[in-house]
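Shown next, in structure tokens, is the structure this report addresses.
What follows draws every value from the coordinates through simple rules; no lab data is involved. Nothing here was measured: the structure is a model prediction, and the numbers come from that model. Every residue, glycine as well, gets a Cβ built from its backbone with ideal geometry; the counts of neighbours run over all protein chains shown.
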Amino acid sequence: MNISVLQEARYGYKPKLPTILTSGACKLVPVFGEKTGSAADSEAIASLFPNTYGASIVSYAKGENSDAKSVRNVGVILSGGQAPGGHNVISGLFDAMQAANPENRLYGFKGGPSGILKDDYRIIDAEYLAAFRNTGGFDIIGSGRTKLETEEQFETCAKVCKKHDISAIIIIGGDDSNTNAAVLAEYFLQKKHDIQVIGCPKTIDGDLKNESIEISFGFDTATKTYAELVGNIARDANSAKKYWHFIRLMGRSASHISLEVALQTQPNFCLIGEEIGAKNQSLDEVVDELVQIIAARADDGNYFGVGLVPEGVVEFIPEIKVLIQEINTLLAKEEKTFGAIADDHEKIRFVTNLLSSASAHVFSSFPEAFRLQLLADRDSHGNVQVSKIETEKLLSSMVEERLNKIGKGAKFQTLHHFFGYEGRCAFPTNFDADYCYSLGYNAFVLVAQNLTGYLSSVTNLAKPASKWQAGGIPITMMMNMEVRHGESKPVIRKALVELDGTPFKYFVFKRDEWARKTAYTYPGAVQYFGPAELADRTTITLALEQGR
Ligand code: FBP
């Protein structure tokens, strides 16, 4: 195989484990902490998850766990969008299994959850794994977005597991995939299938978090990768002094990625969807704010700048949010008829006629390309695919129109960028390499303690890895009821940017200065080697959240 110099060097990296996990699964016993509830709608969640709801948070103490030594076959699935570090979760899991009993076998189901349904797998052994340690991507077994939701699918999973004598499945995924993990765990208990399900918190979006999940893996690497690119663009903008760069950043609903990248690069503006939602700001008001910033810089003779637009912002602008909800419900209801329409104009006409008059008015005010993007296929969970919606172009064209109206548009030239896929498969930073390895290692410790419906939790992450804590939380504690595909469903509640949290407050404190001045900072490329304060540092968000 052809490998790069960095790849070869990263193979030699030894991920750090929290001290508690270095004892290994056989020498750790569970300590059951407080009982849990759910994020909201506790009655509904309790009735839907009678076997798993309300379980205790788990941490560990040193002690003999002789059961951990028994031979186990474990299945692993990578689910949803790629996030740097997935290979290390599998490495940690594999190493923990081997340390407990070298006879243990790891089955990697290929292409996401559909792999288990198709019984499509490969055995992950030391030799195969060696080529993936500390590398980005999910190509070790591939990923996919198939949703495990029907009884028929659950039974197929059980059948496949029984065929291979698999007693535990590890699902590495985001909020939707871990929702699936919780539903599957509950189903297996109900049907007495005796198969455990453990989740691992993955997503570059950073929206799968709570006190016990301080950060989802991949966020650290992805934001550092985007911050490097944004910093480079900022320097180009400051050199040429002729373009406004409108940069859309991935992150689906929550604006965590944009906020972190803003903290790292100090752009002239960064929209935060959650703030727009809380202030109930209309699209016109958002555009007005941008116009003020751009006009003020023009008054200073600065006809250039850098602005960040979270891809999920459209779902927070009230009139677009209502419009998207109406389109989601309508497309779920009219799936067949809509699917049969081939002509784009006809599609737009069909949808416009079925919208409320307010939403039809909003929809019709958008350029055609934007309207079609709003109608693009939903993902398997019924979500609009915000990565396909070019909000940065809509905003810059509206800004231009308004600048022209007030006579300040002559020197306004824009360039557009979208950074998303660039960050999802980068070589994991040292932080993600260590964190992911620990999450995977810990997932096996949870398996060895016969737990199910739990999410692997590694905390105290702003401290050096040796001081990290490990344990598990019941997935149901993160759940609430939400409307998906037009139906009320139990799902993990997305953790949005907290407007009273330190990272956002710090941003608000600085943003006016960053808006007017040219105060860019240039983070540069991810460092994999060198002093810990350079190579091991984590996100500014986490550091601020943990008071560092
Ligand atoms: P996950 O929630 O599965 O981790 O995926 C996150 C994400 O990268 C979003 O940021 C983005 O909107 C979406 O996936 C893109 O999806 P796809 O990979 O299907 O194009």
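Between the helical axis of 318-333 and the longest alpha-carbon principal axis of the chain there is an angle of about 60 degrees. Rg and Dmax over the alpha-carbon atoms of the stretch 501-548 stand at 13.3, 36 Å. Please give the helix 283-299 orientation as an angle from the longest Cα principal axis of the chain, in degrees from 0 to 90, rounded to the nearest 10. Relative to the chain, helix 283-299 is tipped by roughly 60 degrees.
Counting helices only, and only those DSSP H runs with n ≥ 4, report the 222 nm mean residue ellipticity of the chain as the sum of -39,500 (n - 2.57) divided by its residues, in deg cm²/dmol to the nearest 500. Let's see the in-between values first.
Numbers: 22 runs with 234 residues, N = 548.
The helix contribution divided over the chain gives -13000 deg cm²/dmol.
Each eigenvalue of the Cα gyration tensor of the stretch 450-548, multiplied by 5 and square-rooted, gives one semi-axis; in descending order these are 32, 24, 12 Å. All C-alpha pair distances within the stretch 95-170, sorted into 10 Å bins from zero, spread as 17, 47, 30, 6 percent across the bins. A straight chain from Phe529 to His361 at 0.36 nm per residue would run longer than the Cα-Cα distance by 55.0 nm.
Just rank Arg252, Arg349, Arg10, fewest to most, by other beta-carbon atoms within 10 angstrom. Working shown, then result.
Values: Arg252 25, Arg349 11, Arg10 20.
Listed from fewest to most nearby Cβ atoms, that is Arg349, Arg10, Arg252.
Report, to one decimal in Å, the Kirkwood hydrodynamic radius for the stretch 1-154 based on all distinct Cα pairs. All intermediate terms of the calculation are to be shown ahead of the outcome.
Numbers: mean 1/r = 0.0553 Å⁻¹.
That comes to 18.1 Å for the stretch 1-154.
Label separation (Ala332 vs Gln98): 4.5 nm, computed from points 7 Å beyond Cα along the C-beta direction.
Based on Cα contacts under 8 Å between residues 6+ apart, the stretch 234-337 shows a relative contact order of 41 percent.
Put simply, the Cα atoms of the stretch 300-377 extend 54, 24, 21 Å along their principal axes, the longest span coming first.
Work out, step by step, the length gained on full extension between Val483 and Lys162: first 0.36 nm times the residue separation, then minus their alpha carbon distance; give nm to one decimal.
Working: separation 321, 0.36 × 321 = 115.56 nm, distance 3.39 nm.
Here the segment from Val483 to Lys162 would lengthen by 112.2 nm.
For the stretch 247-386, the alpha-carbon coordinates run over 53, 28, 27 Å along the three principal axes, in decreasing order.
Restricting things to alpha carbons, find the Rg to Rh ratio for the stretch 173-236 using the Kirkwood radius for Rh.
With Rg and the Kirkwood Rh in hand, the quotient comes to 1.25.
From Cα pairs below 8 angstrom and at least 6 apart in sequence, can you work out the relative contact order of the stretch 112-204, rounded to a whole percent? Intermediate results must be reported in sequence, preceding the final value.
Working: 92 pairs, mean separation 25.8, N = 93.
Contact order relative to length: 28 percent.
The 3J(HN,Hα) values that the Karplus relation (6.51, -1.76, 1.60; θ = phi - 60°) gives for the stretch 356-368 are, in residue order, 5, 5, 5, 5, 4, 5, 4, 4, 5, 6, 8, x, 4 Hz. Gly and Pro appear as x. Once the Cα atoms are used to define both axes, helix 256-265 deviates from the longest principal axis of the chain by about 70 degrees.
Between Glu64 and Asp139, the modelled labels are 4.7 nm apart [label points 7 Å from Cα along Cα→Cβ]. Taken about its Cα centre, the chain carries a charge dipole of roughly 920 debye when the Cβ of each Lys and Arg holds +1 and the Cβ of each Asp and Glu holds -1.
Run the Debye formula on the Cα coordinates of the chain, all scatterers equal and no solvent, and tell me log10 I(q)/I(0) at q = 0.05, 0.08, 0.13 1/Å. Debye curve over Cα of the chain, log10 I(q)/I(0) at q = 0.05, 0.08, 0.13 Å⁻¹: -0.21, -0.54, -1.31.
Per residue, what volume in Å³ does the Cα convex hull of the stretch 355-491 take up?
Values: hull volume 29.2 nm³, N = 137.
Expressed per residue, the convex hull around the Cα atoms of the stretch 355-491 is 213 Å³.
Using only alpha carbon pairs under 8 Å that are at least six residues apart, calculate the relative contact order of the chain and give it in whole percent. Answer for the chain is 24 percent. Computed over every Cα-Cα pair of the stretch 123-260 and binned at 10 Å starting from 0, the pair-distance distribution P(r) comes out as 10, 29, 29, 19, 8, 4, 1 percent.
Across all directions of projection, what mean area in square nanometres is found for the Cα convex hull of the stretch 183-296?
On the way: hull surface 40.2 nm².
Seen from a random direction, the Cα hull of the stretch 183-296 projects 10.0 nm² on average.
Hey, if you put +1 on the Cβ of every Lys and Arg and -1 on every Asp and Glu Cβ in the chain, which of Val230, Leu375, Thr179 ends up farthest toward the positive end of that dipole? Towards the positive end, the residue furthest out is Val230.
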